[in-house]
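The values are calculated or read from the model by the stated rules, or taken from the named source; none is laboratory data. Since this is a predicted model, take the numbers as computed values, not measurements. Positions of Cβ are backbone-derived with ideal geometry, glycine not excepted, and every protein chain shown enters the neighbour counts.
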Amino acid sequence: MRKLFINEKTNEIRCAVVEENQLTEIHQTNSYQDEVVGNIFVGRVTKVLPGMQAAFVDIGLKQNGYLHRNDLISFQYEVNHGSKTSISHYVREGDQLLVQVVKEGTDQKGPKLTTNLEFGGKFLVYMPFGDYLAVSKKLTDEAVRNRLLTIADELREGKEGLLFRTASLHKTKEELTEEYIKLKKQFTSLSRKNAKVPECIFEARSFVDRIVNELALHPKDMIICDQIETVQHLKQQYPNVTVMYHDQKEGIFSTHKIEQEIDKLLKQTVWLKNGAFIVIEQTEAMTIIDVNTGKFSGKSSMRDTVLKTNQAAAIEIAKQIRLRNLSGIILIDFIDMRYKEDQEVIVDTVTREMKRDRVQHKIIGFTELNILQITRKKVRGSIQESLTNRCEVCHGTGRIPSAESVTYKLERELWEYQFMDEEAIWVEATDDVIQLLQGENKNHKKQLEEALHFKILCSTLTSPIPNYRIKHIGSLSSITERLKA
């Protein structure tokens, strides 16, 4: 049984999924920065780049959307007939396009767009220009797949596309037809809108509806929410699922011990029950995960210790990938295993655990350097991106200059003024830099002044990192007066 906890009491809306008393997923958004994935816009092409086979489209957001040639439905039609042409054959600057956001943007990149529109329901996804039929990979029974594909073939018209979700398994043809008609009406209603350019003309489901829909709830599942209006709405939408109202004074996430689990997701180090630990480092290009034995020494051979540690780490890593919503390239540096059969055990473990992940992913295998490679599709930002901002001090590097290196840099700059005509230099610096410059009993500063043939006067600079600046160069009396003011 799964439990979905929905926290809506503040502007930030949060959804947590708990399976077997373990937090497995956390999703959040807020009213100030609503998600745009699934929204449909009337946009205008601002730039076409044949070298990148891409175009940039103004959809009214702070950054233009990115549209690759392969995401143009007109190109997809021609590819099916063996044609491969430059993007400039399909779009030009100034063209007006109907586009849908398929991936959120970042600080550096705009959202990713497509012209192959999708309208998602509980049981199926309707694509007015999709031109193909598909069934969820989780439905493996061939008879079930053939039944759904037959229904799809009877329903669709022209170049429409239909994708049947896992939840369509026990639905009748009448229920599926009803949803097909409903989704088709959503698309046809867009053509009747007199939209300005750029403008959003279709908003996907609310954040909560989207998460609930993606989960494909079963009758045994339970929803607990702290907003009575949402509880009433969900009871109507999902009559077969238990929906409960959290009316306690203590927050819903605190009551069910989810809050403390979220705090752990911002830490780099994750300890395992056996004393081993993993370190997770996210970069712009990829996520790197390192496995360490830590306090775990095992009770038998070294090989057995390494294998058991790696197995425990593999289970936890699969869980952390879902919880932190890690995406893109994920590299896992397990403890070195000499035997190929041990590596295969780890790949099987990761594969088994990742089957619970609803997000599209691929386990590629070990490299020659014994690093396991995984790729995972990015739709939303990670927990780290959602909950934190880049540090303005270290700019995301996690490192700042040492006081010693800054002091040496200051000394090198002072030596450039040796034998100058002026009497003194006024240096503003942080206290740690001033102390190092002065040395013990201010002896270093005195020796420096004798060698340079000018006085060095210091005042305190307020800065979160070791720093300095040359404030003024002039006569000793003028600088002394300014210091006193």
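If you go through the stretch 422-439 one residue at a time, how many are assigned to a loop (DSSP other than H, G, I, E, B) and not acidic (Asp, Glu)? Break it down into steps so the answer makes sense when it comes.
Initial filter on the stretch 422-439 (assigned to a loop (DSSP other than H, G, I, E, B)): 422-423, 430, 439.
Filter again for not acidic (Asp, Glu), leaving 430, 439.
Qualifying residue count, the stretch 422-439: 2.
Only one of Glu104, Glu118, Glu160 is acidic (Asp, Glu), surrounded by 20 or more Cβ atoms within 10 Å (Cβ to Cβ) and not assigned by TED's automatic domain parsing to the domain that holds Val212; which? Exactly one of Glu104, Glu118, Glu160 is acidic (Asp, Glu), surrounded by 20 or more Cβ atoms within 10 Å (Cβ to Cβ) and not assigned by TED's automatic domain parsing to the domain that holds Val212, namely Glu118.
Could you tell me which residue of the stretch 67-81 is surrounded by the fewest Cβ atoms within 10 Å (Cβ to Cβ), considering only residues that are at pLDDT below 90 and either outside any helix (DSSP H, G or I) or outside the structural domain of Val57 (by TED's automatic domain parsing) (or both)? Top of the filtered list is His81.
For the residues Glu118, Glu78, the requirement of being closer than 26 Å to Thr46 by Cα and either free of Cβ contacts under 8 Å to residues at least 40 places away in the same chain or small (Gly, Ala, Ser) (or both) singles out Glu78. Entry remark, the stretch 447-474: residues being surrounded by fewer than 13 Cβ atoms within 10 Å (Cβ to Cβ), not β-branched (Val, Ile, Thr) and not in a strand (DSSP E or B) number 5 in total.
Scanning the stretch 9-59 for residues that are within 25 Å of Pro111 (Cβ to Cβ), touching a residue at least 40 places away in the same chain (Cβ under 8 Å), not in a strand (DSSP E or B) and not polar (S, T, N, Q) returns Asp34, Glu35, Val36, Val37, Gly38, Ile59. Restricting the stretch 264-287 to residues that are touching a residue at least 24 places away in the same chain (Cβ under 8 Å) and among the small types (Gly, Ala, Ser), the residue that is nearest to Gln320 (Cα to Cα) is Ala276.
Selection of first residues in the stretch 394-421 that are in the same structural domain as Gly474 (by TED's automatic domain parsing) and part of a loop (DSSP other than H, G, I, E, B) and of second residues that are surrounded by 14 or more Cβ atoms within 10 Å (Cβ to Cβ) and at pLDDT below 95, restricted to Cβ pairs under 9 Å at least 6 apart or on distinct chains, gives an empty result.
It is to be established whether one or more residues within the stretch 415-436 are surrounded by fewer than 16 Cβ atoms within 10 Å (Cβ to Cβ), of a type in the set (S, T, N, Q), modelled with pLDDT of 95 or more and in contact with a strand residue (DSSP E or B) (Cβ under 9 Å, 6 or more places away or on another chain). Within the stretch 415-436, not a single residue is surrounded by fewer than 16 Cβ atoms within 10 Å (Cβ to Cβ), of a type in the set (S, T, N, Q), modelled with pLDDT of 95 or more and in contact with a strand residue (DSSP E or B) (Cβ under 9 Å, 6 or more places away or on another chain). When each of Glu259, Glu281 is tested for being in contact with a helix residue (DSSP H, G or I) (Cβ under 7 Å, 6 or more places away or on another chain) and either surrounded by fewer than 20 Cβ atoms within 10 Å (Cβ to Cβ) or in the same structural domain as Val379 (by TED's automatic domain parsing) (or both), the lone residue that passes is Glu259.
Does Thr150 qualify as being over 22 Å from Ala54 (Cβ atoms) and polar (S, T, N, Q)? The answer is yes for Thr150.
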